[in-house]
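Worksheet: the structure to be examined is printed underneath.
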Amino acid sequence: MQQKIFLLLLLFCSLVYGQANLVPNPSFEDISQCPHASTGHIGFLNSWFSPVNSTPDVYNACDISSNGFGVPVHFVYCYQPARTADGYAGLYTYTYGVERKGEYIEAELKNKMEANKVYFVEMYVNAANADNCAISSCFSDGVGLVFLDEKYTAFLDIKEKPPFKADIENPSGNILNDTINWVRIKGCYYATGNERFIMIGNFKKNSETNSQGCVGVESSYLYIDDVGVYEFDPLPDTLLLCQGQTTSIGGSFLDGTYLWNTGDSDSTILVDQPGVYILTVAIDDCLLSDTVVVIRPEETLDALPSDTLICQGDPLLLQVHMPGAFEWSTGETANAIAIREAGFYSALIHNECGEFYYSIQVEEELCACDPFIPNAFSPNNDGINDYLPAFLHCDFPYRAIRFQVFSRWGELLYTDDSGQVQHIRWDGTFRGKPLETGVYLWTFEYEYDRHGKTRKEVRSGTVTLVR
């Protein structure tokens, strides 16, 4: 039999405001040499390449020739200022009347994406001016982005397209025919983990692509600028709030509008009380949300037990999740120590909020009154394992005191203090809403009478909720 006690305080993380773009060279300014009159000079563009046998173009203000790839003037009569600085890319996305693969550009992200995190994705496109530019008079709705775990390169047949479905795509039927303004294509992307590359082009078949003004064998051509992939993580998971301190949380995220669970609508708010703070950001129809748990070390330490039992022959883990330098009475300096003997244990903790002291009295005995909590349950209303129960295998009179379930951030999700073990039945919800698949922490406090003495124990463990 093994007993563990988890003494939980939440880790402090510094707030980071703003956001970082995972796309290298996002506005196509970084070039190895100035583009010239010949086409297909994607190789001049640092960090980007063509993944298929095609010839995407690079435009930059450095080219001042009369028939070159300059910005804003190129091909003599073409005119389009860059959205940012002095450069952009260009590619054919659709050919009318025949099935052709089009052109694509690809780049490796600065960092791979993380599983279960949400990212805001955007890029800006502009159609070549058909009235006074000899590129094309054909417009279509076909362009999007796809994220890949591995680098993709293939010399495709002229009728083939990369075998992917766009993750972020221009809406079907929205013909991209604006030859003056840059049009934003955007969306939320939920990463599966390990995505490292981004590819841009038309991933739809010609039969699925809508067009306008196309005759014969004409092709639609788009300029591309300001590609962005931003992780939405403006808040730390937890924040340590010193006594008497007021701190600012939050931060601006692109051009979003803001709403806190406090009712505030600014990008940042001042907090002087512990609690759970939730920020929701809306960018048109894309909603993003982040949560921070604000704690005070004094209050959290006061809530921890001051004594517990250790079973003979079993280790006991004393763990304090708090930033700072630790000095345990055992001489150890980690935030967690394993003990096997009864005794008095204490820790002195130094951090930015000051000096804190924690102590616990550990008693040893033969354990003969043990709880059993299933390590998994599936609340899907099929009549099997729909609830998380608790059991006590005990030969002595016993009483349940409190059973609680917490999230990984320390947020209390469920409490039963009825005193009756048979009443403990968590259905996997919080405030009436089903929780996601994941691992949750439980604590069970109970007492029993043995040899004329009342003994109290607190046990902790984890349970996996499966949907």
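All of the numbers you see were taken from the coordinates with simple rules; none came from a lab. The model shown is predicted, which means the values in this text are computed figures rather than measured ones. Cβ placement follows ideal geometry from the backbone for every residue including glycine, while neighbour counts extend to all protein chains displayed.
Here are the numbers for the structure shown:
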| item | result |
| --- | --- |
| Kirkwood Rh, Cα atoms: Rg over Rh of the range 409-467 | 1.05 |
| Highest average packing first - 376-387, 141-152, 282-293, Cβ atoms within 10 Å | 141-152, 282-293, 376-387 |
| Per-residue ³J(HN,Hα) for the range 257-264, Karplus 6.51 cos²θ - 1.76 cosθ + 1.60, θ = phi - 60°, Hz, x for Gly and Pro | 9, 10, 8, 9, 5, 7, x, 5 |
| Radius ratio Rg over Rh of the range 320-385, counting only Cα atoms, Kirkwood formula for Rh | 1.21 |
| Net charge over other residues, Cβ less than 12 angstrom from the Cβ of Asp149 (K, R count +1; D, E count -1) | 0 |
| The range 307-451 - Rg over Rh from alpha carbon coordinates, Kirkwood radius | 1.02 |
| Among beta bridges that DSSP assigns inside the chain, antiparallel share in %, nearest 5 | 90 percent |
| Taking the C-alpha atoms of the range 104-229, convex hull volume expressed per residue in Å³ | 112 Å³ |
| Alpha-carbon centroid distance for the pair the range 220-242 / the range 384-448, whole angstrom | 37 Å |
| Under 13 Å, Cβ to Cβ, from Tyr190 - net charge with Lys/Arg +1 and Asp/Glu -1 | -4 |
| Cα-projected label distance for Glu445 with Asp285, points at 7 Å along beta-carbon direction, nm | 4.9 nm |
| Per-pair calculated FRET efficiency, R0 = 30 Å: Asn385 and Asn116 via Cβ, rounded to 0.05 | 0.80 |
| For the range 271-312, alpha-carbon Rg over 2.2 N^0.38 Å | 2.01 |
| Pairwise centroid distance, computed over Cα atoms, of the range 157-188 with the range 294-326, Å | 54 Å |
| Percent of C-alpha pairs per 20 Å bin, the chain, short to long | 20, 38, 26, 14, 2, 0 |
| Bins of 5 Å, starting at 0 and running to the largest distance - Cα pair percent for the range 181-294 | 2, 8, 16, 15, 13, 12, 9, 8, 6, 4, 3, 2, 1, 0, 0 |
| Cβ-defined net charge surrounding Asp290, 12 Å radius [Lys, Arg +1; Asp, Glu -1] | -2 |
| Full-stretch length increase - Ser378, Ile401 - with 0.36 nm per residue and alpha-carbon distance subtracted | 5.7 nm |
| The range 153-219, relative contact order in percent, only Cα pairs under 8 angstrom and at least six apart counted | 43 percent |
| Label-point gap, in nm, between Asn67 and Asp417 - each point 7 angstrom along Cα→Cβ | 8.5 nm |
| Partner lysines for Lys433 [C-alpha distance under 25 Å; skip if fewer than 8 residues away on the same chain] | Lys117 |
| Sorted peptide list for 350-361, 86-97, criterion being average Cβ within 10 angstrom, highest first | 86-97, 350-361 |
| 222 nm mean residue ellipticity, helices alone, for the chain (DSSP H n ≥ 4; -39,500 (n - 2.57); rounded to 500) | -500 deg cm²/dmol |
| Student exercise, the chain dipole from Lys, Arg, Asp, Glu Cβ charges, in Debye to nearest 20 | 800 debye |
| Label point 7 Å beyond Cα of Ile180 along Cβ direction - residues of the range 86-128 with amide nitrogen under 14 Å | 127 |
